[in-house]
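J.: Handing you this structure, nothing more for now.
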């Protein structure tokens, strides 16, 4: 099978998820002490940067099955938005507030966007782009 | 697999008739009949967290955790190697029956275990730095974190991509082979990591 040249979406997404998971572990490992948010913010910014780089690299791919990508990603987004919403509910229920709540909420946003992007990419990379399908049918 | 011809090793193919294409059973990528069960489980989980009583939280954490650990161990260390040795038609039939169910079961049991577990530890104070076994609790966060990244980044996308490939009129066997390998290796690593979870959780339970 000849593999198409595609950006390293999976590797970047896993690195991004690793950073927000590390930030979450750092904050939860120090409860109930008020620790510096700087390490968690640095990890969050790094994770967000990787998300934006991933989306930018993906947007530049030519002849990609975007219809398939969005079809799969939108349903994954719904599922992960529900999961992220439940985790957010648990944070608020436990009276988490201030900077820690902001960092963890933004981490959940990255999680809820990056995982569906990855799922959509993994499916679409093996799908035939709509334009190619139309050309083949013609 | 539609349009893909295979023969068992050591068996001479019949020359007079073309080999039968592999049949793919009809299946749903996400089994819709299971969605109400998932919805009920998640609503009960929210109620358990909201009422914040010991028994419902213990139930969701222990029942969800047991299911998660057992499924990962069984899939990674028993079923995974068996799947790897099955013939292509048998593997495809098994995959189309197992993987859609996994797509609903795993996110549900993982969410149940982690959400109820966090609320339980908040209620009991076991996630505080003052807890004597705090190091073990942090170790469990790290193990769960690594498992989550592997499951979300590699396992689940591979699972969905295999099912989408099998839904095509002419699936590509190389794509399925590659994604199934990723799934089986990942399940093996997660199974091994569940042994670490068992060590940590039994240590925490025994004080």
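Nothing in this text is a laboratory measurement; each read-out follows from the coordinates by a stated rule. Everything numeric in this text was worked out from a predicted model, so none of it was measured. Note that we place each Cβ from the backbone using ideal geometry, even for glycine, and neighbour counts take in every protein chain shown.
J.: If one puts a single equal scatterer on every Cα of the range A:39-138 and applies the Debye formula without solvent, what log₁₀ I(q)/I(0) results at q = 0.12, 0.13, 0.17, 0.25 Å⁻¹?
T.: For the range A:39-138, the Cα-only Debye profile gives -0.50, -0.57, -0.82, -1.25.
J.: Measure nothing fancy, just the Cα-based angle from helix A:98-124's long axis to the longest principal axis of chain A, in degrees from 0 to 90, nearest 10.
T.: 20 degrees
J.: Moving on to the next point. Going by average Cβ neighbours within 10 Å, how do the peptides A:71-77, A:51-57 rank, with the highest at the top?
T.: A:71-77, A:51-57
J.: OK, next. Count, for each residue of B:120-128, the Cβ atoms from other chains sitting within 10 Å of its Cβ, then give me the mean as a whole number.
T.: 2
J.: Same structure again: For the protein assembly as shown, what does the helix formula give at 222 nm: sum of -39500 (n - 2.57) over DSSP H segments with n ≥ 4, over the residue count, nearest 500 deg cm²/dmol?
T.: The helix-only estimate for the protein assembly as shown comes to -24500 deg cm²/dmol at 222 nm.
J.: Same structure, new question: If I model the range A:1-92 as equal point scatterers sitting on the Cα atoms and use the Debye formula, what is log10 I(q)/I(0) at q = 0.16 Å⁻¹?
T.: Debye intensities relative to I(0), on a log10 scale: -0.85.
J.: Using only alpha carbon positions, build the gyration tensor of the protein assembly as shown, then give the equivalent ellipsoid semi-axes as the square roots of 5 times its eigenvalues, largest first, whole angstrom.
T.: Square roots of five times the eigenvalues give 39, 24, 17 Å.
J.: Residue by residue through B:150-161, how many Cβ atoms from other chains fall within 10 Å of the Cβ on average?
T.: 6
J.: Taking the inverse of the average 1/r across all pairs of different Cα atoms in the range B:116-206, what Kirkwood radius in Å do you get?
T.: 15.3 Å
J.: Also: Reported to two decimal places, what Rg/Rh ratio describes the range B:95-152 when computed on Cα atoms with Rh from the Kirkwood expression?
T.: Rounded to two decimals, Rg over Rh is 1.12.
J.: For the Cα atoms of chain B, what angle does the longest principal axis make with the long axis of helix B:134-150, in degrees from 0 to 90, nearest 10?
T.: Result, in degrees: 20.
J.: When you look at the Cβ of every residue in B:102-108, what mean number of other chain Cβ atoms sits within 10 Å?
T.: For this peptide, the per-residue mean of nearby foreign Cβ atoms is 1.
J.: When the scattering of chain B is computed by the Debye formula from its Cα atoms alone, each counted once and equally, what is log10 I(q)/I(0) at q = 0.13, 0.17 Å⁻¹?
T.: Reported log10 I(q)/I(0), two decimals: -0.79, -1.16.
J.: On a 0 to 90° scale, report how tilted helix B:54-73 is relative to the longest principal axis of chain B, with both axes built from alpha carbons and the result rounded to the nearest 10.
T.: With rounding to tens, the tilt is 30 degrees.
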